Amino acid sequence: MQFLTILLSSFLSIFVTSGLFVDSVIENNLRKRVKNADTLVVRIDNTPSHQLLEGKIDKLRIASRGLQLTDYLTLDTLELETDSLNLNLANIRSGKNQNWPQSLNQPLQGGVNLTVTESELNQSLQSETVLKWLNKMIANLSKGRNSGLKYELFNPQIKFKDDNRLILAAELHSSSSRILKINLETQLKLREGYTIELTEITGTINDKPLSTQLLNRISESLTKSFDLRNTEKKGVILRLLQLNIIDQKINLTAFIRINNED
């Protein structure tokens, strides 16, 4: 969930120089800190000026479309709505502390709703950063095999289907110059809100069925990669509430809580 770190870190950095927090100031500063945004709207609800000057905000809403957070991550829509915020302005403006949870006087929590299109996800899969991560996972899956071959992933593509299902197609190029065409199909399900589980997974390699053992290893590796509990040691609690694939888009609704640090 790197996008939340980028977004919230950018949000807190706004107050380093701002004397008064207004919607337009936050909106303009956020635009400077993301790659691009077709639409970006910020709203602060019913907060008196004296509370703003103390770092207190009743509710913050951010809504965007076509939000490009990094070179490899674009979101079709992103909506964030927080509960009340209480910021430690002295800590933020000192510039001494880059750990933004320590700039909160109380935990920050709210809801996030995001949508990614099939096209946007496929662009991410083609990026150098994501391909590097996928190839690292492939290397881990290949450990323990005695062939001595190394594999590199090329041209991964995802296709969304009904019933929260998707198809992943890609090529594996081995160090012996052999090309393997891989096709996987699976259903996505939420597991207790903390991870996305790959179920009913099937697959072929060069049109031959993959073994159940290998499919289980792939499923377990990807499910583990999506485990949101990994953020809890940093004081960030994320829980997925809904996951739906509709009209070539995947939509996620989540709860986020960021614990403050003394």
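The values are calculated or read from the model by the stated rules, or taken from the named source; none is laboratory data. Fair warning: this is a prediction, and the values are worked out from it, not measured in the lab. Every residue, glycine among them, receives a Cβ derived from its backbone with ideal geometry; neighbour counts consider all protein chains shown.
If the condition is being aliphatic (A, V, I, L, M) and modelled with pLDDT under 95, then the range 161-178 contributes only Leu172.
Screening Leu243 on (1) modelled with pLDDT of 95 or more; (2) more than 18 Å from Leu114 (Cα to Cα) shows it passes everything except condition (2). Can you name every residue in the range 174-221 that is farther than 28 Å from Leu243 by Cα and surrounded by 15 or more Cβ atoms within 10 Å (Cβ to Cβ)? Correct list: Ile205 only. Annotation note: Cβ proximity below 9 Å between a residue of the range 222-244 that is within 16 Å of Glu197 (Cβ to Cβ) and a residue that is part of a helix (DSSP H, G or I) and of a type in the set (Lys, Arg) (sequence gap 6+ or interchain) occurs for Leu238/Arg229.
The residues in the range 140-152 that are over 20 Å from Leu198 (Cα atoms) and either part of a strand (DSSP E or B) or in contact with a strand residue (DSSP E or B) (Cβ under 8 Å, 6 or more places away or on another chain) (or both) can be counted, and the count is 4.
Quick grid of which residues meet (1) under 25 Å from Ile256 (Cβ atoms); (2) in contact with a helix residue (DSSP H, G or I) (Cβ under 8 Å, 6 or more places away or on another chain); (3) among the aliphatic types (A, V, I, L, M):
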residue: Leu153; (1), (2), (3): no, yes, yes
residue: Leu172; (1), (2), (3): no, yes, yes
residue: Ile179; (1), (2), (3): no, no, yes
residue: Asn183; (1), (2), (3): no, no, no
residue: Gln187; (1), (2), (3): no, no, no
residue: Tyr194; (1), (2), (3): yes, yes, no
residue: Lys208; (1), (2), (3): no, no, no
residue: Arg217; (1), (2), (3): no, yes, no
residue: Lys224; (1), (2), (3): yes, no, no
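Exactly one of (1) outside the structural domain of Leu141 (by TED's automatic domain parsing); (2) without any contact (Cβ under 8 Å) to a residue 60 or more places away in the chain; (3) among the charged types (D, E, K, R); (4) surrounded by 13 or more Cβ atoms within 10 Å (Cβ to Cβ) is unmet by Lys249. Its number? Only one criterion in (1) outside the structural domain of Leu141 (by TED's automatic domain parsing); (2) without any contact (Cβ under 8 Å) to a residue 60 or more places away in the chain; (3) among the charged types (D, E, K, R); (4) surrounded by 13 or more Cβ atoms within 10 Å (Cβ to Cβ) is unmet by Lys249, namely (2). Among the residues examined, Arg191 does not qualify as touching a Phe, Trp or Tyr at 6+ places or on another chain (Cβ under 7 Å) and either closer than 30 Å to Gln106 by Cα or not assigned by TED's automatic domain parsing to the domain that holds Leu252 (or both). Residues in the range 228-243 that are in contact with a strand residue (DSSP E or B) (Cβ under 7 Å, 6 or more places away or on another chain) and surrounded by fewer than 13 Cβ atoms within 10 Å (Cβ to Cβ): Gln242 only.
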